[in-house]
Amino acid sequence: MLLNISEAKQNEGKALHFNIDVELDSNIIADKGYSFESNVSVDGEMEYDCEILTIKGKATYPIRFVCDRCGEPYIRKVVVDFVENFSNTGNVEHYPLTTNLDLTKPLIHNLMYNIPTRNLCKPNCKGLCKICGRNLNKGTCNCCSLEIDDNNPFKKLKNKLK
Ligand SMILES: [Zn+2]
Ligand SMILES: [Zn+2]
């Protein structure tokens, strides 16, 4: 969805509240196996001042992550506060100013700087058993009681699988 800024242009110097949903392509985060669960919602204010439109917003990205420890998908909302300027002044730090603003690029840019690098389905995720691969959040296995030495058949198998 595009953000129409004509009202802000007609009310120069006045901060106007807005709220829109923007659809982002999951391909931008697909390299890690993540995807967008739904649209990004943006709540903020826009203010036009002579040539520059400034947007101060809070973007909420509902993302389906994959847990680093157990590999299970889970949904978490990443919330990012941002400020971006739009103009046609030639300033390379500004996004182009049009009547209907496309927030896709600034939203991707802000997400890339704020996406968590470590993702756990829960703080105390038990992860997978290193021997049998069972998800230990769903129950225990018997491997833990085995002593692991080089003659252990499980370890030999594990090494083979590497
Ligand atoms: Zn997990
Ligand atoms: Zn096990």
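Computed from the coordinates by the stated procedures, all read-outs in this text should not be read as laboratory data. Just so we're clear, the structure is a prediction, and the values are computed from it rather than from any experiment. With ideal geometry, Cβ positions are generated from the backbone for all residues, glycine too; neighbour counts draw on all protein chains shown.
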Computed helical MRE - 222 nm, the chain, DSSP H runs ≥ 4 contributing -39500 (n - 2.57), nearest 500: -4000 deg cm²/dmol
37 °C / 0.692 mPa s Stokes-Einstein diffusion coefficient of the chain, Kirkwood radius on C-alpha pairs, µm²/s: 172
Formal net charge of residues neighbouring GLY127 (Cβ-Cβ distance under 9 Å; K, R +1; D, E -1): +2
Mean Cα-pair separation over length for the chain, i.e. relative contact order, pairs under 8 Å, 6 or more apart, %: 18
Cα long-axis angle, helix 104-114 against the chain (0 to 90 degrees, to the nearest 10): 50
Convex hull volume of region 1-97 per residue (C-alpha atoms, cubic angstrom): 105
